1. ASP310: acidic (Asp, Glu) and buried (at least 20 other Cβ atoms within 10 Å of the Cβ), yes or no?
2. When the residues of the range 122-151 are narrowed to those that are more than 20 Å from ILE245 (Cβ to Cβ), touching a residue at least 60 places away in the same chain (Cβ under 8 Å) and part of a loop (DSSP other than H, G, I, E, B), which ends up nearest to the chain's Cα centre (by Cα)?
3. Within the range 223-233, is even one residue within 27 Å of PHE117 (Cα to Cα) and either in a helix (DSSP H, G or I) or open to solvent by less than 10 Å² (accessible area, probe 1.4 Å) (or both)?
4. For TYR305, indicate whether it is hydroxyl-bearing (Ser, Thr, Tyr), under 30 Å from ALA190 (Cα atoms) and either at pLDDT below 95 or not in a helix (DSSP H, G or I) (or both).
5. Right, LEU360: more than 30 Å from TYR64 (Cα to Cα), in contact with a helix residue (DSSP H, G or I) (Cβ under 6 Å, 6 or more places away or on another chain) and modelled with pLDDT under 95 or not?
6. Among the numbered conditions (1) modelled with pLDDT under 90; (2) closer than 15 Å to ALA417 by Cβ; (3) small (Gly, Ala, Ser), tell me where GLY366 comes up short.
7. Considering each of SER254, SER192 in turn, give the residue that is modelled with pLDDT of 95 or more, out of contact with any strand residue (DSSP E or B) (no Cβ under 8 Å at 6 or more places or on another chain) and over 26 Å from LEU157 (Cβ atoms).
8. Identify, from the list VAL140, VAL112, VAL104, the residue that is touching a Pro at 6+ places or on another chain (Cβ under 6 Å) and surrounded by 13 or more Cβ atoms within 10 Å (Cβ to Cβ).
Amino acid sequence: MAAHQEKKLAAERKHKNLQNDTKASQGQWGRAWEVDWFSLASILFLLMFAPLMVYYFIMCCDQYWCSLTDPLLGLLMGNKHLSDIWNKTPTLTYRAAGIYSLWVTFQVVLNVFIPDFCSTFLPGYVGGVQEGAVTPAGVVNKYEINGLQAWIITHVLWFANAYCFHVFSPTIIFDNWIPLLWCANILGYAVSTFAMIKGYFFPTNAKDCKFTGNFFYDYMMGIEFNPRIGKWFDFKLFFNGRPGIVAWTLINLSYAAKQQELYGEVTNSMILVNVLQGIYVLDFFWNEAWYLKTIDICHDHFGWYLGWGDCVWLPYLYTLQGLYLVYHPVQLCTAHAIGILTLGLLGYYIFRVTNHQKDLFRRTNGNCKIWGKKPQYIECSYVSVGGTKYYSKLLTSGFWGWARHFNYTGDLMGSLAYCLACGFQHILPYFYIVYMTILLTHRCLRDEHRCLSKYGKDWKRYTAAVPYRLLPGIF
């Protein structure tokens, strides 16, 4: 009885500490309360050109065999007109609308109505009902973590159809890729608009809303922190994880099927892309409970940036390598293939182990071993908005002693491996590594700006102990 009471008190203290830490970080993270001119200009640029960029990449593959320069040169030299390109672009079809509607509905059903069962037979997997981080308003949301089983069910049905039922062709995604793009855009804009209206008129929690008074900023960055419908449908978790990421591996499988249909074989480069990106996707779902503590869930509001981005940007631009290989099949020599596989697996190892070290250090409050030794750390203090002083520990052992964001380094190594599998004939498949480098570098700077504001001179002690951000000895 006494042991049970002690356990209960420890849980209450942990919960209270989480609340205090969240209150302390208000105003230092997440989207802004006010909009400066640079932020507004950046947002207007993205709202106008991000959809055009996605269209341009996909159109280049469809009409110009993945050349990014030929359309521009044709327009500049007068050999082509915008109307010529647009008239050759497939339009929205009832078939694509039906496929996409069925897909999203199926993922909603798997998300909301089928509780997790994977945790009952998979050792080490954490699923079922889990608590997220405390919101700025002090709310602790609960989530039904069942993404892994949604991925498994979806792919079992996919392979059952491909080898047994033959209800639809495995190339169905590729064959309807541009019409599906219009469907994804419709959903992305619809859910973003709905989220904004909901934030104004019927928010899930009014205290977790932020308004700047600037329509474009609020539309893009979101108003509500955790918009929800009912008990379990959480917009942020659903659109971050489903339908885009579940679709990621299906899209690659459809590309492989199309390569088989066109050329009579699936190249080793296509297999590499499917395997390496498949590992990344499976890692996401295996660690979905851990994902509840990441920047996307803990700090970002839900707006166009996440709503449209997860519906369109992620599935269409994160899969460019497989799409490219349909048009330009690449058969790698054995040494090249082994080198790429090694780079991808090493990147994944660094990404996963680095995150594990940090998670272990946090869960045990430093009472653990990293690389067989007691971890080293910098003890920091910060003052909450209420004037109360709190303490944190910043890990300087293991990979976290090599660089302050070494998990991102592993992520970038994996991203480069996907691109290298495509050879060097075109620059289009290398968009991913360029984008991820910009994204993760910006995330490093954003994170460090927050930490400097939060910890002050203690943060400077930490950066002196770990002087590099991503690449030891370089950056």
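The values are calculated or read from the model by the stated rules, or taken from the named source; none is laboratory data. Because the structure is predicted, anything quoted here is derived from the model rather than measured. Counting neighbours? That spans all protein chains shown, and the Cβs are built from the backbone with ideal geometry, glycine included. Calculation scope for accessible area: heavy atoms of the full protein, side chains included, ligands and nucleic acids excluded. Shrake-Rupley method; radii C 1.70, N 1.55, O 1.52, S 1.80 Å.
1. Here the answer is yes, as ASP310 does meet what is asked.
2. THR135
3. yes
4. yes
5. no
6. It fails just one condition, (2).
7. It is SER192.
8. Matching residue, one of VAL140, VAL112, VAL104: VAL104.
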